[in-house]
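Note sheet for the following structure.
The values are calculated or read from the model by the stated rules, or taken from the named source; none is laboratory data. Everything numeric here is computed off the predicted structure, so don't read it as measured data. Neighbour counts run over all protein chains shown; Cβ positions are idealised from the backbone, glycine included. Just so you know, the surface numbers come from the protein's heavy atoms only, side chains and all, with ligands and any DNA or RNA stripped out. Shrake-Rupley method; radii C 1.70, N 1.55, O 1.52, S 1.80 Å.
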Amino acid sequence: MADRSESGPDTDRRPINEQRRRRIEKIAELQALGIAPYPDRFPRTHTLAEAAALPEDARGLALAGRLILRRRFGKLTFGHIQDHDKAFQIALERDKVATGSLAGKEAYAVFQQLVDLGDFIGCEGDLMRTKTGELTLAVQRFTLLAKSLRPLPEKWHGLRDLELCYRQRYLDLIMNAETRARFALRRRVIAAFREGLDREGFVEVTTPTLVPTASGALATPFVTRHEALDMPAYLRIAPETYLKRLIVAGYDKVYEFAQSFRNEGMDPSHLQEFMLLEYYCAFWNYEDNMRFTERLLPAVITAATGSPVVKFQGREIDFTPPWPRIAFRDALARYAGAAPEDFPTLAALRAEVKKRVPEAAGIEHMGRGNLLDQLYKKCVRPQLAGPLFLVGHPIELSPLARRSDADASLTDRFQVLAGGREIVNAYSELVAPLEQRERFEEQMALRRAGDAEAMAAEDDYLLCMEYGMPPTSGWGLGLERFLCLLADRENLRDVVFFPFMRPQSEAGGAAEAAPGDTGAAPAPQGV
RNA sequence: GGGGGCAUAGCUCAGCCGGCAGAGCAGCGCCCUUUUAAGGCGAAGGUCGGAGGUUCGAGUCCUCCUGCCCUCACCA
């Protein structure tokens, strides 16, 4: 797009802002001086972090960044330019600076009057040290790289308004180093998981996000429509059954960072769109998997944060292995004083849950598994600081998990608990196709009985299983929840760049203008 | 979905018992060659989220609406 198009019609319908209008005027003034407001490139020699590591007599640097601070004196100006990783001081002297075809006083005036905080600029010059010892680029030539039209948030307090941080994350990232650090942590954690899994021989794969049946978890899917096939389609709620198909296909070890979608309530601990990391390993059982988990998580945490000890909500959680193991039944008995065998009938258990968790809804429709789960979630889990392995979950809670050989009412399943939260859910997979079909049918019966959580059956997956699935153990982790633990954050939105927000018009509640209705006097036509 | 809280200049925030709409930063005009949120002087900048109501008078009190935060329920 040609530079001059920027001085063309201004169709922004939002209330006129004085500063924005002034900056648009500056574009024309720059162009009149032969200065392009949006040039196409700048040959940068170093990032700002690289520049900061150079010897202080380094010469001939070309640095680029967003101008974020400026301290003007009469004939000397200090400023800071910022790139993603670093802010760096620049100094311009009136009689020693140039831009475009201008030099000295005229070039200096361009910097003072036509360059604004928020603009991207390129700066060429030599390093020096100021009287106060700060490594600084003495700028001989600067180049405007992009004119910004809106003022940045406050330079000292940054962007504080939570709603603006979510809606305009780019401003949050520009202004708040803590936010940048949080997303750098996300990047490091993902890289560390990849490294840990790759080194173990796992293969990263991609499976469908758009699916004909939402399976693999107990959740309400987002529904959409496949027009060409004239059928409903769903966004996946988990990658599980597709990854297991690949196990059947002969991949021994697969994993996926699977963006998943669940159409359920919004609160600080639930996102509609989130990332599940799942892996599956053929020939492992859940015990093998626990041993690997005990190696993988400390390695990832240490790689990402520098220590296996996580500080969370004022507590220290040490992931150094080994971690204690506790059976689901024992946890209920010890922390809730209510072992499952104390309530042999559904009615007795239901009465107990009603007594202890009176606020829970839908108790009448819950099966035995969900009733026990209520007791666990409300009375036991909050007390578990961890890290620890919770094992031996009731079979009703785990329709895709292998039945325990020792106790038919239990599954070969474990969860990793830390900070009162479930970090990992894993089990020996159910690989027997006929039993899987029965378990799905039990879920469908629960569904018909009113338990909305029960899992949907998936015939295509059952077909796949009938060709033979090796013994396998699978593992899943909610990436955002894990990141919140490492970043000591309560709200999952804090570790997602652009959380889903209800749209809001910029006019502050005014109705959306119809197309073509500019709502303001159009600016003069350019070109 | 229930309950509680917040919404004032581009940003960060004051605004008392209902009585002229405020500050800092940013921006604008001046002064200033070593600053670190530079400093000094000056002039601007507002649909107090929106719509009603009470009142002589509403940023302030009441009702409704919108958005966000917290919390409970549901869910990972």
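Before moving on, here are some points about what is shown:
- Debye intensity ratio I(q)/I(0), log10, the range A:8-146, q values 0.14, 0.17 Å⁻¹ (C-alpha model): -0.64, -0.91
- The equivalent ellipsoid of the range A:210-336 has semi-axes of 32, 21, 16 Å, largest first, where each one is the square root of 5 times an eigenvalue of the Cα gyration tensor.
- Annotation: peptides A:250-261, A:401-412, ranked by per-residue average of other Cβ atoms within 10 Å with the highest first, follow the order A:250-261, A:401-412.
- Residues whose placed amide H lies under 5 Å from that of residue A:312, excluding near-sequence neighbours: A:317
- Model label zone, residue A:252; criterion: amide N under 12 Å from point 7 Å along Cα-to-beta-carbon; scope the range A:275-296: A:281-284
- Per residue accessible area in Å² of the range A:31-71, where ligands, DNA and RNA are left out and the probe is 1.4 Å: 56
- For chain A, the pair-distance distribution built from all alpha carbon pairs, in bins 20 Å wide starting at 0, is 18, 40, 28, 13, 1 percent.
- Pairs exceeding a 28 Å alpha-carbon distance, out of A:86/A:253; A:244/A:311; A:96/A:147; A:105/A:131; A:244/A:378: A:86/A:253; A:244/A:311; A:244/A:378.
- For chain A, with all protein chains in place and a probe radius of 1.4 Å, 53% of the accessible heavy-atom surface sits on carbon or sulfur.
- Sites listed here are GluC sites (Glu not before Pro) in the range A:306-410 whose DSSP assignment is loop and whose Cβ has at most 15 other Cβ atoms within 10 Å: A:359.
- Distance between the C-alpha centres of the range A:94-110 and the range A:282-333: 60 Å, rounded to the whole angstrom.
- Peptides A:202-212, A:482-492, ordered by how many other C-beta atoms sit within 10 Å of their residues on average, highest first, read A:482-492, A:202-212.
- The spacing between the range A:376-400 and the range A:58-82, judged by their C-alpha centroids, is 56 Å.
- Paramagnetic reach from residue A:126 in the range A:60-82 [backbone N under 13 Å; point 7 Å along Cα→Cβ]: A:60-61
- In terms of packing, defined here as the mean over residues of other Cβ atoms within 10 angstrom, the peptides A:24-33, A:423-432, A:152-161 line up highest first as A:423-432, A:24-33, A:152-161.
- Computed FRET value (nearest 0.05) for residue A:460 with residue A:273, which takes r as the C-beta separation and R₀ as 35 Å: 0.90
- For the pair residue A:359 and residue A:210, the difference between a 0.36 nm per residue extended length and the Cα-Cα distance amounts to 50.0 nm.
- Extension reserve of the residue A:347-residue A:155 stretch, reckoned as 0.36 nm per residue once the Cα distance is removed: 62.9 nm
- Surface accessible to a 1.4 Å probe, per residue, for the residues of the range A:398-439, Å²: 34
- Calculated P(r) tail over 18 Å for the range A:377-423, as whole % of Cα pairs: 34
- Efficiency of FRET from Cβ geometry, residue A:95 and residue A:32, R₀ 25 Å, rounded to 0.05: 0.60
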